[in-house]
1. May I ask you to list the residues in the range 49-66 that are surrounded by fewer than 20 Cβ atoms within 10 Å (Cβ to Cβ) and on the phi < 0 side of the Ramachandran plot?
2. In this structure, is residue 46 more than 22 Å from residue 134 (Cα to Cα) and either in contact with a helix residue (DSSP H, G or I) (Cβ under 6 Å, 6 or more places away or on another chain) or surrounded by fewer than 19 Cβ atoms within 10 Å (Cβ to Cβ) (or both)?
3. With free of Cβ contacts under 8 Å to residues at least 24 places away in the same chain, under 15 Å from the mean Cα position of the chain (by Cα) and surrounded by 17 or more Cβ atoms within 10 Å (Cβ to Cβ) as the only criterion, which of 77, 81 stands out?
4. Go through the range 94-149 and give me each residue that's in contact with a strand residue (DSSP E or B) (Cβ under 8 Å, 6 or more places away or on another chain), part of a loop (DSSP other than H, G, I, E, B), farther than 14 Å from residue 63 by Cβ and at pLDDT 95 or above.
5. Let me spell it out: the conditions are (1) surrounded by fewer than 17 Cβ atoms within 10 Å (Cβ to Cβ); (2) more than 19 Å from residue 119 (Cβ to Cβ); (3) over 11 Å from the mean Cα position of the chain (by Cα); (4) without any contact (Cβ under 8 Å) to a residue 60 or more places away in the chain, and residue 98 meets all of them except one. Which number is the exception?
6. Determine which single condition residue 75 fails, assuming it passes every other condition in (1) out of contact with any helix residue (DSSP H, G or I) (no Cβ under 9 Å at 6 or more places or on another chain); (2) on the phi > 0 side of the Ramachandran plot.
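The values are calculated or read from the model by the stated rules, or taken from the named source; none is laboratory data. Keep in mind that what you see is a predicted model, and the values were worked out from it rather than measured. We place every Cβ from the backbone using ideal geometry, glycine too, and count neighbours over all the protein chains shown.
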């Protein structure tokens, strides 16, 4: 009888422990992850802008855009990431300069985000394609072509 009571208490405690967990699974695994920006095409003139060492890190609520070990010193920026219209559109906004472990509370400028294919500090993209290996995002300004990193 004591064994049964211990088992029931242990089972109840385990249930309570897991009930408080908020699992952070990706909302869409084909969109969230680490991406290399290969190039983007500007809508106004159709020009192709090849990118070197430009990366996007996308999670449920945060996006980081950065040039890693590149020669242009474009920097690293952190912004908010949200899904719009289900998963057909995504928004990247409120970009700040990256600090050591978070942002450093300094707003990014439009000029700083241009090399990443964004002409505003708040940009909504239509998800043209998201296969898990390739991601194509289109805004009014440009179409971004990314590959899984």
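1. If we filter the range 49-66 for residues that are surrounded by fewer than 20 Cβ atoms within 10 Å (Cβ to Cβ), which is where we start, we get 49-50, 52-53, 55, 57, 59-62, 64, 66.
Within the range 49-66, 49, 50, 52, 55, 57, 59, 60, 61, 62, 64, 66 qualify.
2. On the way: more than 22 Å from residue 134 (Cα to Cα): no; either in contact with a helix residue (DSSP H, G or I) (Cβ under 6 Å, 6 or more places away or on another chain) or surrounded by fewer than 19 Cβ atoms within 10 Å (Cβ to Cβ) (or both): yes.
Answer is no for this residue.
3. On the way: 77 fails: free of Cβ contacts under 8 Å to residues at least 24 places away in the same chain.
Selected residue: 81, the only one of 77, 81 that is free of Cβ contacts under 8 Å to residues at least 24 places away in the same chain, under 15 Å from the mean Cα position of the chain (by Cα) and surrounded by 17 or more Cβ atoms within 10 Å (Cβ to Cβ).
4. Selection gives 119, 133, 141.
5. So the condition that residue 98 fails would be (1).
6. (1)
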